[in-house]
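The values are calculated or read from the model by the stated rules, or taken from the named source; none is laboratory data. Only a predicted model underlies this, so the values are computations on that prediction, with no experimental measurement involved. So basically every Cβ, Gly included, is an ideal-geometry build from the backbone, and we count neighbours across all protein chains shown.
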Amino acid sequence: MIFNMKTIKRCILIMCDSLRRDLILPDSSPTLTALAKDASWFADARAVFPSTTRVSSASIATGCHPGRHGLLGNMMITEDLQGLRCHNVGDAVFRDHLLRVTGRTLRVPTLAQRVADHGGACIMSNVSPGAAYFNDPDGYGEVFHSAGSYGPGREPYLDERALPIKPGSAGDRQMTTRFCQKLLSPDAPTIATLWLSEPDHSGHGHPLGSPAHLAAITHANACVTQVLAVVEQLRSRGDDVLLMVASDHGMETVIHEIDVVQALVEAGLKSAVDSDDVVVAPNGSSCMLAIAPRQQFLQSAIVDFFNRQSWCSAVYQKQALTQLGLSPDDAGNTLAVVMQSYPQTNPFGVPGSTCIVADAQDPKHYNGYGQHGGLGQYERAPFLIVQGCGFPPGHIHSGPASLVDFAPTFLHHLGLPCTDMDGSPLQLRLRADADTASRSHTPCIDVL
């Protein structure tokens, strides 16, 4: 008797939030250091803009830049009957608000939607609710988060399937154990994502490179080690696993916190701190700005104001927004303001410093600690390691790779279409590397 044993294809993504690639060091992250040599390393991995977690989650899920998927920042401006308002995308209720005022959540399909009939998807996340929910905002798969866990159809999980954990290393460890159990269960999904809160959680409250921050990186490394052991089990039983370990962005040290809203009021360009004529959405080291239709005549003066500030690096408007992956047609991003960054090091020798935009909705202060959101060299430099079919061990890809390439890479591995995305399969980049090596008569790496 001949049995037709079909190989099970799986995709596993581990996100170490905010871990910039130059801080993957042998002492604090030995597993990641070793994995980078035993897999394919992407030396020019890049974040999206704004370089924030909630935007990153939507970009990874859709394979598209914010201008196409429609989630424009950790803080985002929407327009309703009361005018322009700034909202915290991280709030658990923001998904429902966006659906109510726009008639949709994200504008394009997510990975969870695309594989709903092909084994399904799940995400376990220990970052903000918004970052978790916008990975699968319409309930095609499973989403596990402490603010509420959901199954297909957004059915609430109110039993033992809930995920009552806290951000930080302890919560990450609990979640990783649950994630590993899920991978080995009979209902294991085709695409599984583990989104750790570290080292982002510690980086926002401790100096980068400090003992507390390095300990957080070590904890994240331990979670990766735990998942790698399960991946080996899956492969030993015959599963074709594509493993991706990455971060969404990096961090830089905050040296100045600027109250942009108050500065606009004092310059006579905004009528009051809480007015809706000019609305600012702070996103760490950048902000989005919207101008009400009745005040559009102020736009050139506002642009000129920002260009004269020492703390402002650049202002993007109109068609220039497309250079950042944004759309000039969105009411919530008339202007994108990028804050100034500097190469100087902090007291622990970690380079990269930045100015950030003060956020009235965020009670924390970040001076001396890590933050992100703009275009600084280090906050836009996450890491990316891929292991599996098409990704030879020890290969270093020097060309750019973006978060929007994650989804098409997974779909390519699964044999599903992905041509309608901003990104493209990374397997094809490495195949091109091999072709180039062959033409230059150097030893060719087999990526087929």
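Taking first residues from segment 299-312 that are at negative phi and partners that are assigned to a helix (DSSP H, G or I) and surrounded by 17 or more Cβ atoms within 10 Å (Cβ to Cβ), the Cβ contacts under 7 Å between residues at least 6 apart in sequence or on separate chains come to Cys312/Phe306. The set of residues in segment 74-122 being out of contact with any Lys or Arg (no Cβ under 9 Å at 6 or more places or on another chain), over 25 Å from Ser51 (Cα atoms) and part of a strand (DSSP E or B) consists of Gly83 alone. You will find that of Gly83, Gly90, Gly120, the residue that is free of Cβ contacts under 8 Å to residues at least 60 places away in the same chain and either small (Gly, Ala, Ser) or under 21 Å from Pro408 (Cβ atoms) (or both) is Gly90 and no other. Taken as a whole, the condition of being assigned to a helix (DSSP H, G or I), of a type outside the set (D, E, K, R), over 28 Å from Gly139 (Cβ atoms) and assigned by TED's automatic domain parsing to the domain that holds Pro207 applies to Leu32.
When segment 167-193 is limited to residues that are free of Cβ contacts under 8 Å to residues at least 12 places away in the same chain and part of a helix (DSSP H, G or I), the one that is surrounded by the most Cβ atoms within 10 Å (Cβ to Cβ) turns out to be Gln174.
Being among the hydrophobic types (A, V, I, L, M, F, W, C) and either part of a loop (DSSP other than H, G, I, E, B) or farther than 20 Å from Leu98 by Cα (or both) is the filter here, so list the residues in segment 123-166 that pass it.
Narrowing segment 123-166 to residues among the hydrophobic types (A, V, I, L, M, F, W, C): 123-124, 127, 131-132, 134, 143-144, 147, 158, 162-163, 165.
Ile123, Met124, Val127, Phe134, Phe144, Ala147, Leu158, Ala162, Leu163, Ile165, listed by residue number.
State all residues of segment 319-340 that are under 23 Å from Val89 (Cβ atoms) and at pLDDT 95 or above; if no residue qualifies, say none. Before the answer, list the steps.
Step one: of segment 319-340, the residues under 23 Å from Val89 (Cβ atoms) are 321-339.
The answer is Leu321, Thr322, Gln323, Leu324, Gly325, Leu326, Leu335, Ala336, Val337, Val338, Met339.
Against the conditions (1) surrounded by fewer than 18 Cβ atoms within 10 Å (Cβ to Cβ); (2) β-branched (Val, Ile, Thr); (3) under 27 Å from the mean Cα position of the chain (by Cα), Val227 satisfies every one except (1). Gly83 meets each of the listed conditions (1) at pLDDT 95 or above; (2) surrounded by fewer than 21 Cβ atoms within 10 Å (Cβ to Cβ) apart from (1).
When the criteria are applied in full, Thr78 fails the requirement of being buried (at least 21 other Cβ atoms within 10 Å of the Cβ), assigned by TED's automatic domain parsing to the domain that holds Met421 and either within 18 Å of Leu403 (Cβ to Cβ) or not aliphatic (A, V, I, L, M) (or both).
How many of the residues in segment 313-356 are of a type outside the set (A, V, I, L, M), in a loop (DSSP other than H, G, I, E, B) and touching a residue at least 24 places away in the same chain (Cβ under 8 Å)?
Qualifying residue count for the region: 11.
Applying the set (1) in contact with a His (Cβ under 8 Å, 6 or more places away or on another chain); (2) buried (at least 21 other Cβ atoms within 10 Å of the Cβ) to Asn333 leaves exactly one unmet item: (1). Scanning segment 51-67 for residues being over 13 Å from Gly130 (Cβ atoms) and either assigned to a loop (DSSP other than H, G, I, E, B) or assigned by TED's automatic domain parsing to the domain that holds Val337 (or both) gives a total of 4.
Looking at this structure, is Met288 crowded, with 23+ Cβ neighbours inside 10 Å, at pLDDT 95 or above and not assigned by TED's automatic domain parsing to the domain that holds Asp38? Against the criterion (crowded, with 23+ Cβ neighbours inside 10 Å, at pLDDT 95 or above and not assigned by TED's automatic domain parsing to the domain that holds Asp38), Met288 qualifies.
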